[in-house]
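Shown next, in structure tokens, is the structure this report addresses.
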């Protein structure tokens, strides 16, 4: 046996000896229930367990360590939809997490707790009052990204628990109504017209509506042709609406085929094509040098980046 084949054999044996854990054991070790672990995998792409031939999930020690990292960022107040971006940058949870948490998310945690109480009792009037207080006290990105959407995401992840589905549906309906109203109030004939669509299956309707609220404003009028519009029909819609830009939204962090699909679409459109959402954070390097612009997923930056792209188009 050659030195190379001997090393390969040792590596193979090491892999075989690597201990793998079923989902129930991972749940016991981390305190995260199996429903949440599956949601983190399917919806957010945060963990990637291996599968047996029969389809059962098996987790390595590295997977378990990653679950603990996810929990650490969640405890600091980072929304679950943003944790993937933080982990992709290689950031680790600081040892001073407890002290920093109060500075980073203490204020938002208090508001989130008040929202949870209103939702748990299905108190629509109380929720409306909270929304009004938040709206008058904070900018829209903070209102949605730091207070309301983290509670919505938390309920979504825990839908498998008794009663949580009803609470999530209650909050989801309330927020969709408020987001639609904001979109209607900010539309203006004098503003730049931006067409916003979601990649089918890559987000929930509320996430698209909130993205529209954060992207829009007095200088940008957001048009949503409908939730679930196929990407291959964007050219047809664009020809009829003549927007100043088209924004494609996706919260699916790992879709290898999306950049290629968008590149083909960009060649046929008569206006800039931009990508927003978690997918934009992960695809930014891959799309560098292409005609597709990345707006990211952070509400405070998406609008600024959109304005820069629109300014470049209007100056030509």
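The values are calculated or read from the model by the stated rules, or taken from the named source; none is laboratory data. What you are looking at is a predicted structure, and each value in this text was computed from that prediction instead of being measured. Cβ atoms come from the backbone with ideal geometry, glycine included; neighbour counts cover every protein chain shown.
General observations
- Entirely in the stretch 106-200, the helices (runs of 4 or more DSSP H) that have 3 or more residues that are farther than 30 Å from residue 293 by Cα and without any contact (Cβ under 8 Å) to a residue 40 or more places away in the chain: 124-137, 164-185
- Residue pairs whose Cβ atoms lie under 6 Å apart, sitting 6 or more positions apart in sequence or on different chains, and linking a residue in the stretch 290-303 that is in contact (Cβ under 8 Å) with a residue 60 or more places away in the chain and outside the structural domain of residue 207 (by TED's automatic domain parsing) to a partner that is in a strand (DSSP E or B) and surrounded by 22 or more Cβ atoms within 10 Å (Cβ to Cβ), do not occur here.
- Counted residues, the stretch 299-316 - those being within 21 Å of the chain's Cα centre (by Cα) and surrounded by 15 or more Cβ atoms within 10 Å (Cβ to Cβ): 5
- Some residue of the stretch 11-20 being modelled with pLDDT of 75 or more and closer than 18 Å to residue 61 by Cα: yes
- Checking residue 191 against (1) touching a strand residue (DSSP E or B) at 6+ places or on another chain (Cβ under 6 Å); (2) at positive phi, the condition it does not meet: (2)
- Scanning the stretch 204-251 for residues that are in a loop (DSSP other than H, G, I, E, B), out of contact with any strand residue (DSSP E or B) (no Cβ under 6 Å at 6 or more places or on another chain) and buried (at least 18 other Cβ atoms within 10 Å of the Cβ) returns 250, 251.
- Considering the stretch 65-80, and only residues there that are in contact with a helix residue (DSSP H, G or I) (Cβ under 6 Å, 6 or more places away or on another chain) and either at pLDDT 80 or above or more than 23 Å from residue 278 (Cα to Cα) (or both), the residue that is surrounded by the fewest Cβ atoms within 10 Å (Cβ to Cβ) turns out to be 67.
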